[in-house]
Amino acid sequence: MPYNTFTHALVRVPTVNMGDGMTTQQLGVPDFDLVLTQHAAYCEALRWCGLKVATLSGDEAYPDACFVEDTAVIYHDLVVITQPGARSRRGETTAIQQAFKHRPLVQLHGDEYLEGGDVLFCADRVLIGLSERTNRQGATRLKNALQDYDAALQVDFVPVGGVLHLKTGITELAPGVIIQSPDFVTDYTFDFADVYVIPAAEKNGGHVLPINDAVLIHAGNPRVRDLAHRYYLRVLEIPMSEFEKMDGGVTCLSLRYAFSGA
Ligand code: GLY
C-alpha cells in the first residue's frame with residue numbers, strides 16, 4: 001500500500017486558549033472564530049480526500065493539543081505513542097492512547113523524546129528529524145519499532161536546524177519531490193529527491209500533505225500551488241493563517257491511518 005494511502009483521520013478540536021500554546025512565530029494571537037472556521041475547512045478537506053474523520057474534544061490544559069500529529073506515529077497497523085519533547089505537551093498523549101486503546105501500542109518512555117512533526121514518511125524511506133523536540137533516544141526507539149514491524153523499511157536520521165520540526169523544514173510533495181523552507185538547515189543529503197526551496201514569503205505555508213489522489217496545501221502560497229499542480233489534479237487549498245501563528249499547518253492537525261480490516 002502506498003505511503004500516502006489512508007482511510008481514516010483523527011483530529012482534536014482547538015481550545016479557546018490556543019494562543020497560550022508554544023510558538024516561534026511573531027504573527028500575533030490567533031482569532032478563535034477564524035481558528036474554528038479553518039479547522040472545520042481542514043476536516044472537510046480530509047473528507048474530500050475520502051477519509052472518515054474522528055474528532056476528539058479539546059482540553060484547555062493543553063493549548064497545543066489540536067496539533068495532534070505530535071502525539072503518535074502510525075505506520076499501517078503499528079501505533080507508536082510518542083513522548084513530546086515539549087514538557088507542556090506530554091499530557092496530550094493520554095487522550096490519544098485512549099483513542100487507540102483497542103490496538104497494541106508502543107509507548108516511548110524514560111529519556112526517549114519524539115514529536116510526530118519530526119517524522120516524515122517519504123515514498124522510499126522514513127526520515128526522523130533530530131530537533132529541539134526529538135532526541136536520538138526517541139528517534140532510535142521509533143526506528144527500532146518501525147523496523148521490527150517492517151524490516152525492509154529504510155529509516156534515516158536528519159539533523160534539524162533553523163526550524164521547529166523536520167516537517168516545518170521539509171515535506172514530500174510526490175515521490176522524490178521535496179519542498180523545503182528557506183530557513184531549514186541540515187547536513188543530511190536529499191540525494192533521493194529533487195528539492196524545491198520555496199521563497200521566504202511562503203515559508204510559513206510551505207507544508208504539503210499528500211492524501212490518496214489529492215494534496216492539501218496552505219492557501220495563499222503561489223509557488224507551492226504551482227508545484228502542487230504539476231503533480232496533482234486535486235490540489236486542496238486550505239486557509240491556515242491562524243494555525244501558522246502557532247507553528248502549525250496541514251500536516252500536524254491530524255493523524256492519518258489505514259488499519260487493516262478497519
Ligand atoms: N504550537 C505547536 C508547538 O509548538 O508544539
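The values are calculated or read from the model by the stated rules, or taken from the named source; none is laboratory data. Given the structure is predicted, the values throughout are model-derived calculations rather than measurements. In this analysis, Cβ positions are derived from the backbone assuming ideal geometry, glycine residues included, and neighbour counts consider all displayed protein chains. Calculation scope for accessible area: heavy atoms of the full protein, side chains included, ligands and nucleic acids excluded. Shrake-Rupley method; radii C 1.70, N 1.55, O 1.52, S 1.80 Å.
In the condition set (1) in contact with a Ser or Thr (Cβ under 9 Å, 6 or more places away or on another chain); (2) closer than 24 Å to Asn144 by Cβ, Tyr75 is compliant with all but (1). Checking each residue in the range 11-38 for being touching a Lys or Arg at 6+ places or on another chain (Cβ under 8 Å) and within 26 Å of Ile74 (Cβ to Cβ) picks out Met22, Thr23. For the range 113-128, does any single residue satisfy the condition of being within 16 Å of the ligand (Cβ to nearest atom), open to solvent by less than 10 Å² (accessible area, probe 1.4 Å) and more than 23 Å from Asn4 (Cα to Cα)? Taking every residue of the range 113-128 in turn, none turns out to be within 16 Å of the ligand (Cβ to nearest atom), open to solvent by less than 10 Å² (accessible area, probe 1.4 Å) and more than 23 Å from Asn4 (Cα to Cα). With respect to the stated conditions, Tyr149 fails to be modelled with pLDDT of 95 or more, crowded, with 21+ Cβ neighbours inside 10 Å and under 30 Å from Pro104 (Cβ atoms).
Listed by first and then second residue, the pairs with beta-carbon distance under 8 Å, at least 6 apart or on different chains, first residue in the range 236-262 and under 11 Å from Asn204 (Cα atoms) and in a loop (DSSP other than H, G, I, E, B), second near the ligand (Cβ under 10 Å from one of its atoms) and of a type in the set (D, E, K, R), are Met246/Asp64.
Considering every residue within the range 160-167, establish whether at least one is open to solvent by less than 10 Å² (accessible area, probe 1.4 Å), closer than 23 Å to Phe6 by Cα and either without any contact (Cβ under 8 Å) to a residue 40 or more places away in the chain or within 16 Å of the ligand (Cβ to nearest atom) (or both). Checking the range 160-167: at least one residue is open to solvent by less than 10 Å² (accessible area, probe 1.4 Å), closer than 23 Å to Phe6 by Cα and either without any contact (Cβ under 8 Å) to a residue 40 or more places away in the chain or within 16 Å of the ligand (Cβ to nearest atom) (or both).
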